[in-house]
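Notes follow the structure.
The values are calculated or read from the model by the stated rules, or taken from the named source; none is laboratory data. Bear in mind that the values here come from a model prediction, so they are computed numbers and not experimental data. No Cβ is skipped: glycine too gets one built from the backbone with ideal geometry, and neighbour counts run over all protein chains shown.
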Amino acid sequence: MENYLQISREDFMKFFRDDEKLNELTVDDRVEIFRTILVGSSDLTKELLNEVLGDYCVDNLEVIEINNGEN
């Protein structure tokens with residue numbers, strides 16, 4: 001029986017902060033979470049994307065911000 005509706009916020013966050021539990025997730029699971037966890041477009045900022053790229057040591061990509069068609 002699926003009882004995911006009974007998971008508290010605290011339990012949810014404990015899971016994601018537990019490396020052993022997190023390692024039980026597949027790569028596809030992780031990609032799905034990464035792609036869907038944010039609420040909306042306002043959550044995606046240049047700063048956040050650059051931080052993520054830095055956290056993963058990705059040095060061959062650059063995020064640029066364009067406002068009203070201008071750099």
Taking the residues in region 21-39 that are of a type in the set (Asp, Glu) and loosely packed, with under 11 Cβ neighbours inside 10 Å as candidates, determine which candidate is farthest from ILE66 (Cα to Cα).
GLU24
Among the candidates GLU32, GLU47, residue that is over 19 Å from MET13 (Cα atoms) and either in contact with an Asp or Glu (Cβ under 6 Å, 6 or more places away or on another chain) or part of a helix (DSSP H, G or I) (or both):
GLU47
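Listed here are the residues, each with its yes/no results for (1) exposed (fewer than 10 other Cβ atoms within 10 Å of the Cβ); (2) more than 18 Å from the chain's Cα centre (by Cα).
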{"site": "GLN6", "(1), (2)": "yes, yes"}
{"site": "MET13", "(1), (2)": "no, no"}
{"site": "ASP19", "(1), (2)": "yes, no"}
{"site": "SER41", "(1), (2)": "yes, no"}
{"site": "THR45", "(1), (2)": "no, no"}
{"site": "LEU49", "(1), (2)": "no, no"}
{"site": "GLY54", "(1), (2)": "no, no"}
{"site": "ILE66", "(1), (2)": "yes, yes"}
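Within region 9-16, can one find any residue that is part of a loop (DSSP other than H, G, I, E, B) and modelled with pLDDT of 90 or more?
Scanning region 9-16, I find no residue that is part of a loop (DSSP other than H, G, I, E, B) and modelled with pLDDT of 90 or more, so the answer is no.
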